[in-house]
1. Find all pairs meeting these conditions: Cβ atoms under 6 angstrom apart; at least six residues apart or on different chains; first residue within segment 79-102 and closer than 13 Å to ALA54 by Cα; second residue among the β-branched types (Val, Ile, Thr) and part of a helix (DSSP H, G or I).
2. What do you reckon, is TYR96 out of contact with any Leu (no Cβ under 8 Å at 6 or more places or on another chain), modelled with pLDDT of 85 or more and of a type in the set (Phe, Trp, Tyr)?
3. Within segment 55-67, which residues are farther than 20 Å from PHE108 by Cβ and either touching a residue at least 12 places away in the same chain (Cβ under 8 Å) or not acidic (Asp, Glu) (or both)?
4. Would you mind finding the one in ILE37, ILE10, ILE16 that is out of contact with any helix residue (DSSP H, G or I) (no Cβ under 8 Å at 6 or more places or on another chain) and either among the β-branched types (Val, Ile, Thr) or closer than 24 Å to SER117 by Cβ (or both)?
Amino acid sequence: MLRIRITALILTLNLIFQSSIFQLISVRNITPNTAIIIIVSISLLRGSKEGAIAGFFAGFLQDVFFGFSSFYYAVLGALCGYITGKFNKGFYRENYILPIFLCSISTFIYESIVFISGPLFNGSTNYIYFLFNLIIPETVYNAILTVVIYRILFAINSFLEQKEQHKRKLFSIDNK
């Protein structure tokens, strides 16, 4: 239950920061998509199921508060969390290379899907312009921020795992 509350708090704070504070640290009008970083980090630390759930709710919050089409970003977030969570097995958590790599790939694919489906909603079709002026800069920005955000989420996850392990020890019957 504590894990659910903390994840909900992280996703809510991310929504607030993404729509306010991160606008102040934009570079060439590019703001980081920290939701992708959080989704990938949770997926790597907790697996596909929790990653998909976190991705769904991160996207759902974007859909609800920014007025996008219903469940569009929720489905994208859930897919991102589910697919990146598959890399959870055999992953050395203290290694930052895989989170950076997966956040970069996820950002690139996520934003490309948003662009490709964009003509359905707004009619823009210049992918090369979009690629060099939004997707690549945002991918680099997210890769840089992944180190900081992943480290914070890693520490929170370690704390939660210690609490859960302690709770299991309290309620387990040991025959020693």
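1. Hits for this filter: CYS80/ILE39; GLY81/ILE39; THR84/VAL40.
2. Details: out of contact with any Leu (no Cβ under 8 Å at 6 or more places or on another chain): yes; modelled with pLDDT of 85 or more: yes; of a type in the set (Phe, Trp, Tyr): yes.
Yes: the conditions hold for TYR96.
3. Taking segment 55-67 and keeping what is farther than 20 Å from PHE108 by Cβ, we get 56-57, 60-61, 63-67.
PHE56, PHE57, PHE60, LEU61, VAL64, PHE65, PHE66, GLY67 - these are the residues of segment 55-67 that are farther than 20 Å from PHE108 by Cβ and either touching a residue at least 12 places away in the same chain (Cβ under 8 Å) or not acidic (Asp, Glu) (or both).
4. Working: ILE37 fails: out of contact with any helix residue (DSSP H, G or I) (no Cβ under 8 Å at 6 or more places or on another chain); ILE10 fails: out of contact with any helix residue (DSSP H, G or I) (no Cβ under 8 Å at 6 or more places or on another chain).
Selected residue: ILE16, the only one of ILE37, ILE10, ILE16 that is out of contact with any helix residue (DSSP H, G or I) (no Cβ under 8 Å at 6 or more places or on another chain) and either among the β-branched types (Val, Ile, Thr) or closer than 24 Å to SER117 by Cβ (or both).
The values are calculated or read from the model by the stated rules, or taken from the named source; none is laboratory data. Remember, predicted model here, so these are calculated numbers, not experimental data. In this analysis, Cβ positions are derived from the backbone assuming ideal geometry, glycine residues included, and neighbour counts consider all displayed protein chains.
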